[in-house]
Amino acid sequence: MTTDDQRWLRYLASIGDEAPPRDTLVRALSSRSGPPGRALDLGAGQGRDTVYLLRQGWSVTAVDRSAAAIHRIVQLCPAPLCKHLTVIESAFEEVRLPPDQDLVNASFSLPFCAADCFENFWSEIERVLKPGGVFCGHLLGPGDDWARDGVVTETPDQIQERFRTWAALDIETTFGPAATAKGRVKNWDLYKIVALR
């Protein structure tokens, strides 16, 4: 097991298995009509969003570069629903996403795509998301404490431009000190995004 996997397992253990789904995902699901379809969970982490989607009737492809995270997601998957789960162990920079997705979820993951690969990966997201599909997730602004070399950040104007041709865009912003999942207080410059293709 790699050092990254060991660190990730410690993080996952610190936040537990019972974390609720991200609010961006809940908002995205409430914003769409029609039956559940196919979803991507990018940077699926401890599986909180993946398992929620499965329980809502979705077929889910969970993508994460950590073997430990992928193993944990498979363990958490309720047995009757596992036939609707596909896992891909891969970094964003190398993955080829499956097409025809109705929803793409990226909870706190896109900023950690390699910055020089981000635009190509965003094009990949747009390629696989069907017209009328929903994107939900988070982006960081340059004022965030996590902003450093190699972390993708965008200004409000850049985010508006990124989604300029989309049918609808809903953004909630957080700026200022607040706790992380592990309870450490940091300065946030955070954008919670739900967008209709």
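The values are calculated or read from the model by the stated rules, or taken from the named source; none is laboratory data. Everything quoted here is computed from the prediction, not taken from an experiment. Positions of Cβ are generated from backbone atoms using ideal geometry, with glycine treated the same way; all protein chains shown enter the neighbour counts. Each accessible area value is taken on the protein alone, full model and side chains, heavy atoms only, with ligands, DNA and RNA left out. Shrake-Rupley method; radii C 1.70, N 1.55, O 1.52, S 1.80 Å.
Please enumerate the residues belonging to the range 56-97 that are over 14 Å from the mean Cα position of the chain (by Cα), of a type in the set (S, T, N, Q) and closer than 16 Å to residue 25 by Cβ. The answer is 56, 59.
Scan the range 39-87 residue by residue and report those that are of a type in the set (Val, Ile, Thr), open to solvent by 40 Å² or more (accessible area, probe 1.4 Å) and farther than 16 Å from residue 103 by Cβ.
Correct list: 74, 87.
Residues of the range 58-79 that are touching a residue at least 24 places away in the same chain (Cβ under 8 Å) and farther than 21 Å from residue 112 by Cβ: 58, 59, 76, 77, 78. Of the listed requirements (1) outside any loop (DSSP other than H, G, I, E, B); (2) at pLDDT below 95, residue 19 misses just one: (1). Examine the range 121-137 for a residue that is open to solvent by 50 Å² or more (accessible area, probe 1.4 Å) and farther than 23 Å from residue 59 by Cβ, and state whether such a residue exists. The answer is yes, given that some residue of the range 121-137 is open to solvent by 50 Å² or more (accessible area, probe 1.4 Å) and farther than 23 Å from residue 59 by Cβ.
Does residue 165 satisfy being surrounded by fewer than 14 Cβ atoms within 10 Å (Cβ to Cβ), farther than 21 Å from residue 39 by Cβ and of a type in the set (Ser, Thr, Tyr)? Judged against the criteria, residue 165 is a match.
Checking each residue of the range 98-114 against the condition of being charged (D, E, K, R) and within 24 Å of residue 30 (Cβ to Cβ) gives at least one match. Is it fair to say residue 91 is over 22 Å from residue 123 (Cα atoms), of a type in the set (A, V, I, L, M) and surrounded by fewer than 17 Cβ atoms within 10 Å (Cβ to Cβ)? The answer is no for residue 91.
If you take the residues of the range 96-120 that are polar (S, T, N, Q) and surrounded by 15 or more Cβ atoms within 10 Å (Cβ to Cβ), which of them is nearest to residue 194 (Cα to Cα)?
It comes out as 105.
Within the span defined as the range 173-192, one or more residues are under 20 Å from residue 104 (Cα atoms), in a strand (DSSP E or B) and touching a residue at least 60 places away in the same chain (Cβ under 8 Å).
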